[in-house]
1. Based only on Cα atoms, what Rg/Rh ratio does the range 4-126 have, Rh being taken as Kirkwood's radius?
2. How much net charge surrounds residue 118 when only other residues with a Cβ under 12 Å from its Cβ are counted (Lys, Arg +1; Asp, Glu -1)?
3. Output wanted: per-residue J couplings in Hz (rounded whole) for the range 15-27, from phi through Karplus 6.51 cos²θ - 1.76 cosθ + 1.60, θ = phi - 60°, x for Gly and Pro.
4. Obtain the nm distance between the two label points defined at residue 3 and residue 20 by a simple spin-label model: each point lies 7 Å from its Cα along the Cα-to-C-beta direction.
5. Step by step: find N for the range 78-130, compute 2.2 N^0.38 Å, then divide the Cα radius of gyration by it. What's the final number?
6. Compute the acute angle (0 to 90°) between the alpha-carbon long axis of helix 87-97 and the principal axis of greatest extent of the alpha-carbon atoms of the chain; round to the nearest 10°.
7. Taking residue 65 as the anchor, which lysines have their alpha carbon closer than 19 Å to its alpha carbon, excluding any fewer than eight residues away along the same chain?
8. Test of understanding: in a Gaussian network model of the chain with alpha carbons linked when under 10 Å, which of 102, 18, 39 would top the mean-square fluctuation ranking?
Amino acid sequence: MMTRKVVETAEAPRAIGPYSQAIVAGGLVFCSGQIPLDPTTGQLVVGDVEVQTARVMDSLAAVLKAAGSSLGQVVKTTIYLHDLGDFAKVNAVYGRYFEAAPPARATVQVAALPRGAAVEIDAIAIVTAG
């Protein structure tokens, strides 16, 4: 029987609803979408879409680390943008986190994101530690 483990870390924003930061199951970690919240204050970071994207990626990295994985083990992401016109800026920041062998990815424009965020990203990765 497959087990499932809840992942939680103070290095990333706490869940703002009935969901977990991530779930580990079947050798994979499924990260919930991260929006650019400061993990200490829980408030939206101040800055443009590039600042927001960096915060999101740092939060994903923290969740993955807590799950026994890393950005280097990510196999799939989905990027949700409030404005697809921000694609190039988000892509530039995102690319700095995945310089070699980037994961599969989908990018979509959405009508709105929680707390008025400009970007949200979720990820699926391989677990590399017990």
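1. Computed over Cα atoms, the ratio is 0.93.
2. Its environment carries a net charge of -2.
3. With coefficients 6.51, -1.76 and 1.60, one gets 4, 9, x, x, 8, 9, 4, 6, 10, 9, 7, x, x Hz.
4. 1.1 nm
5. 1.27
6. Between helix and principal axis, roughly 40 degrees.
7. Filter leaves 5, 76.
8. Between 102, 18, 39, it is 18 that shows the largest mean-square fluctuation.
Any read-out appearing in this document is the output of simple, stated calculations on the displayed coordinates, not a laboratory observation. Given the structure is predicted, the values throughout are model-derived calculations rather than measurements. Cβ atoms come from the backbone with ideal geometry, glycine included; neighbour counts cover every protein chain shown.
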